[in-house]
1. How large is the helix-only mean residue ellipticity at 222 nm for the chain, computed as the sum of -39500 (n - 2.57) over DSSP H runs with n ≥ 4, divided by its residue count, in deg cm²/dmol to the nearest 500?
2. I need the calculated FRET efficiency for the pair residue 118 and residue 32, taking r as the beta carbon distance and R₀ as 51 Å, to the nearest 0.05.
3. For the stretch 17-253, give the share of DSSP beta bridges that are antiparallel, in percent and rounded to the nearest 5; count only bridges with both residues there.
4. Tell me, rounded to the nearest percent, the portion of alpha carbon pairs in the stretch 17-253 spaced more than 23 Å apart.
5. Using the Kirkwood radius built from alpha carbon pairs, what does the Stokes-Einstein equation give as D for the stretch 22-143 at 37 °C and 0.692 mPa s, in µm² per second?
6. Arranged from highest to lowest average of other beta-carbon atoms within 10 Å per residue, in what order do the peptides 233-245, 291-303, 165-177 appear?
7. For the stretch 143-222, would you read off the P(r) tail past 18 Å as a percentage of all alpha carbon pairs?
8. Going by how many other Cβ atoms sit within 10 Å of their own, how do 186, 333, 103, 192 line up, fewest first?
Ligand code: TLP
C-alpha cells in the first residue's frame, strides 16, 4: 500500500499541501530572509502579526523552535517554567527548555487540560535560598494530550492579568490556536490578546507543508530572530515555504469546523464499540480513546489497524489518539471507523470465547 492509500489519522501534521499551495510555492517571489529580504516571508510575518493583533511575527521552521525561542525570550538560566503536566513544551520537545534556556519545568496537573490561575498561583515561587524562581508561565491551547481541550478566553485573560501584576510573562503554545478559536467562535486576536507571545503552527490543521509562527512585541521578535539564527533556523529563500503558509493562514481556518464535526462524529461512533472507552469530551479535532478492555495494547491495536489501511498511533500503553484534518474527509473517517470496529469486535470476541 502506498502512503497516500492509507487513512492517516496519526496527526494533523500529515496533511499534504493543496494544489493551490503547490502553485503558490512554485511561483513565490523570494530573497534572502537572513537579510530580511524575502518578500513572501515578510508578507507572511506581517499578516500573522495583523491577524493576531501583535506588533510583529517571526517565521520558524517548527513549533518546537517557536516554543524554544519563546522560553528563551522570557527567562533566565536557573528559573522554572510553569506548564501543564502533559504539555508539549515539557514532554515532547527533548527538554529544550533545559538544553537551550537552562530552565526546569514546574508541571501542574489540570485533568481537563485547562490550567487555571488558582492552580498556577500555588506553583509560583519567589527567589529564596532554596528555590529556583518562576520565570514564565506557558499555556497550551488547544491542549494536545488532553484531547484538544480548549482554554476559554476569560481563563487566559485572568492568568495573564495576575501574572503581569507579579511581573511574570505568559507564553501561549497555540500550535492549534485556530482550532480553539473556531470552537469558541472568536478571533485568535481576542483569544490571545493578553498573552506576551504566541506560537502557532501553519503545518498542522492549517495544512502548510512546513512552518510555524511566533508573534509578540517588536522588541521580542527582534531578539527572537537572533535566537532563531543560533538554532540554525535562518532559512534563506524561505518564501517557497511562506507562500504555502500564507494560504494556510488566510484560507484554512474557515474550514476547521469540518474537522471538528468529523472528530465528534467518530467519537460518538467509537463510544458504541465493544472494548473502547472514550477518555474525554471532544471539542476540536483530537479524539483519545482507551482500548484496554479489548485486551489489546495500543501498539497491537495500531498494528492491526495498519493492516487494514488505517494509521492511528498509541499515546500510552492502552490509549490511542486520532486527529482529524482536511486530508481525511468523512468517507475516510468512515473507513477508519470500520477498521476500528473490526479490530475491536474481533479482539472482544476472542476474549469471550
Ligand atoms: N505535536 C505533534 C507531536 O509532536 C506530538 C502532534 O502530532 O501532535 N505544541 C503542540 C501542542 C504540538 O502538538 C506540537 C506538535 C508542537 C508544539 C511542536 O510542533 P512541531 O512538530 O512543528 O515541532
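1. Result for the chain: -12500 deg cm²/dmol, rounded to the nearest 500.
2. My answer for the efficiency is 0.55.
3. 40 percent
4. Roughly 45 percent, once rounded to a whole number.
5. Details: Rh = 16.5 Å.
The estimated diffusion coefficient comes to 199 µm²/s.
6. My ranking of the peptides, most packed first, is 233-245, 165-177, 291-303.
7. Numbers: 1358 of 3160 pairs.
Summing the P(r) of the stretch 143-222 above 18 Å gives 43 percent of all pairs.
8. Going from sparsest to densest Cβ surroundings: 186, 333, 103, 192.
Read the figures in this text as sums done on the coordinates, not as results from a lab. The shown structure was predicted, so the numbers you read here are calculated from the model rather than taken from an experiment. Here Cβ is always computed from backbone atoms with ideal geometry, including for glycine, and neighbour counts include all displayed protein chains.
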